[in-house]
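Below is one structure, written out as structure tokens, with a few remarks after it.
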Amino acid sequence: MLFQKKKDIIGIDIGSSSVKLVHLKEAKGGYLLAGLGMATLPTEAIVDNAIMDSGSIVEIVKGLVESQRLKTKNVATSISGHSVIIRKIQLPIMTEEEMEASIQWEAEQYIPFEISEVNLDFQILGPDPHDASMMNVILVAAKKEFVNDYVALFRECGLNPLVMDIDCFAVENVFEVNYGTNEDEIVALIDMGASSINVNVLRGGMSVFTRDIQVGGSTYNEEIQKRLGLNNEDAEIALLGGEIADVAPQAIADIIEDATESLTQEVQRSIDFFSATSSDEKVQKVYITGGVSKVPAVKKSLEHRLGVEVFALDPWRQIAVNEKDFDPEYLQAMGPIYTVAAGLAMRRMGDK
Ligand SMILES: Nc1ncnc2c1ncn2[C@@H]1O[C@H](COP(=O)(O)OP(=O)(O)OP(=O)(O)O)[C@@H](O)[C@H]1O
Ligand SMILES: [Mg+2]
């Protein structure tokens, strides 16, 4: 309906280390920040992106939502990991409707799961530049069982999960809203979280390559625990620059440096793989986000390895913020952590 008011929706990102919530209102053709919050999860609540301890997560999400005093129960959330497959494929040119009708059949050869066990979605990117009779399509398949666990969790919180997105597409959304699209540019968006690194390469604003790497910031914590004999809490304090008795700051710095190299090496492998499989196209710019992007050595190490400039993705760049309600310093410091949730909050009904 032309004049239907778009539904108010909140973005909730259930990460493996914490839950983040962002609420945006539409204002003057853009967005106004209306609410945000985060809450830490117990270490084993999410393992390999799967919900292990739904009881604790429900309590935490409920608490977070209540603290915001929201009117809407509508939620946009996202998933990622092994149970989600994203493929760029080529098909003969067809309409959206024809695609809708044949997706089950087309998907079969690309998806390593039983088609009856997955939810399928697609986005037509446009004609193939090398063959006008073909079009490029992004195919997404997510295991039903996995999706249903997330849907059930939100229902248990008394919420209405309306949009189920993919982490890396939420980041892409944030990038598009804040930086626009440049037809000639190849950029990589890299979300570096606690237990995974999601890589998404865009050409002319369209996703052409994605990769989920199953390592992340918990490597820092685990290495500090292992090498210095600390417990989880103390290791996290030390990682974030706090003082721990009998631990030399240099020892922490050395561990951070080693772990950074092992994480950025994984990113380099993915980017090299992209180049090798796409007629040697090169990524020209990299934008990083997620908690790990806050480690200063990460940006330097990536620049060194990839030979291109690396920028911190600012999710609030084009978002109106009332400084009476939100501390600009907090927003700047926590932007990387809230990026996925911000991208989800930008979703509206009818969006794919
Ligand atoms: N200032 C900081 N310096 C170093 N590391 C940090 C900092 N802040 C957060 N981290 C690390 O970032 C990670 C959390 O980032 P983020 O919130 O993006 O992850 P997540 O969304 O919970 O995880 P995932 O997306 O992998 O499921 C943790 O490993 C944490 O130790
Ligand atoms: Mg995350």
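Worth pointing out:
- Boolean, GLY30 is out of contact with any Phe, Trp or Tyr (no Cβ under 9 Å at 6 or more places or on another chain), small (Gly, Ala, Ser) and within 19 Å of GLY158 (Cα to Cα): no
- Extreme residue, nearest to ASP184 (Cα to Cα), among residues of region 272-305 that are touching a strand residue (DSSP E or B) at 6+ places or on another chain (Cβ under 6 Å), assigned to a helix (DSSP H, G or I) and among the hydrophobic types (A, V, I, L, M, F, W, C): PHE274
- Criterion (away from ligand 2 (no atom under 16 Å from the Cβ), within 30 Å of SER262 (Cβ to Cβ), among the β-branched types (Val, Ile, Thr) and surrounded by fewer than 19 Cβ atoms within 10 Å (Cβ to Cβ)) met by exactly one of VAL321, VAL308, VAL286: VAL308
- Selection status of THR260, within 15 Å of PHE209 (Cβ to Cβ) and more than 17 Å from the chain's Cα centre (by Cα): no
One line per residue, one yes/no per condition, for (1) at positive phi; (2) within 16 Å of ligand 1 (Cβ to nearest atom); (3) surrounded by 14 or more Cβ atoms within 10 Å (Cβ to Cβ); (4) at pLDDT 95 or above:
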site: ILE51; (1), (2), (3), (4): no, yes, yes, yes
site: ILE57; (1), (2), (3), (4): no, yes, yes, yes
site: ILE60; (1), (2), (3), (4): no, yes, yes, yes
site: ALA76; (1), (2), (3), (4): no, yes, yes, yes
site: ILE89; (1), (2), (3), (4): no, no, yes, no
site: SER102; (1), (2), (3), (4): no, no, no, no
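- Residue check, ASP234 within 16 Å of ligand 1 (Cβ to nearest atom) and in a strand (DSSP E or B): no
- A single entry from VAL215, VAL199 fulfils the requirement of being within 16 Å of ligand 2 (Cβ to nearest atom), free of Cβ contacts under 8 Å to residues at least 60 places away in the same chain, β-branched (Val, Ile, Thr) and under 30 Å from GLN123 (Cα atoms): VAL215.
- Entirely in region 2-48, the strands (runs of 3 or more DSSP E) that have 3 or more residues that are away from ligand 1 (no atom under 16 Å from the Cβ) and at pLDDT 95 or above: 30-40
- Taking every residue in region 252-264 that is free of Cβ contacts under 8 Å to residues at least 60 places away in the same chain and under 16 Å from ALA194 (Cα atoms) and pairing it with any residue that is aromatic (Phe, Trp, Tyr) and within 16 Å of ligand 2 (Cβ to nearest atom), at least 6 positions away or on another chain, the pairs with Cβ-Cβ distances below 7 Å are ILE256/TYR220; ALA259/TYR220.
- Condition met for ALA312 (closer than 23 Å to ALA170 by Cβ, at pLDDT 95 or above and under 18 Å from the mean Cα position of the chain (by Cα)): yes
- Once region 165-176 is narrowed to residues that are among the charged types (D, E, K, R) and within 13 Å of ligand 2 (Cβ to nearest atom), the residue that is surrounded by the fewest Cβ atoms within 10 Å (Cβ to Cβ) is ASP165.
- Scanning region 64-115 for residues that are assigned to a helix (DSSP H, G or I), free of Cβ contacts under 8 Å to residues at least 12 places away in the same chain and closer than 30 Å to ALA39 by Cα yields a single hit, GLU66.
- In region 166-184, the residues that are at negative phi and within 16 Å of ligand 1 (Cβ to nearest atom) reach residues that are modelled with pLDDT of 95 or more and acidic (Asp, Glu) with C-beta atoms within less than 7 angstrom, at least six apart or across chains, in these pairs: ASP167/ASP191; CYS168/ASP191; VAL171/ASP191.
- Scanning region 289-305 for residues being among the polar types (S, T, N, Q) and either more than 20 Å from ASP167 (Cα to Cα) or surrounded by fewer than 22 Cβ atoms within 10 Å (Cβ to Cβ) (or both) gives a total of 1.
- Residue count, region 15-49 (criterion: surrounded by fewer than 14 Cβ atoms within 10 Å (Cβ to Cβ) and either β-branched (Val, Ile, Thr) or within 15 Å of ligand 2 (Cβ to nearest atom) (or both)): 3
- Annotation note: of TYR150, TYR220, TYR179, the sole residue that is over 29 Å from ALA259 (Cα atoms), among the aromatic types (Phe, Trp, Tyr) and within 16 Å of ligand 2 (Cβ to nearest atom) is TYR150.
- Residues satisfying the stated conditions in region 144-199, i.e. charged (D, E, K, R) and either part of a helix (DSSP H, G or I) or over 19 Å from ARG317 (Cα atoms) (or both): LYS144, GLU145, ASP149, ARG155, GLU156, ASP165, ASP167, GLU172, GLU176, GLU183, ASP184, GLU185
- When residues of region 185-198 are limited to those that are within 13 Å of ligand 1 (Cβ to nearest atom) and within 20 Å of GLY307 (Cβ to Cβ), the one surrounded by the most Cβ atoms within 10 Å (Cβ to Cβ): ILE190
The values are calculated or read from the model by the stated rules, or taken from the named source; none is laboratory data. Bear in mind the structure is a predicted one, so any value in this text is a computation, not a measurement. Please note: Cβ atoms are built from the backbone with ideal geometry, for glycine as well, and neighbour counts cover all protein chains shown.
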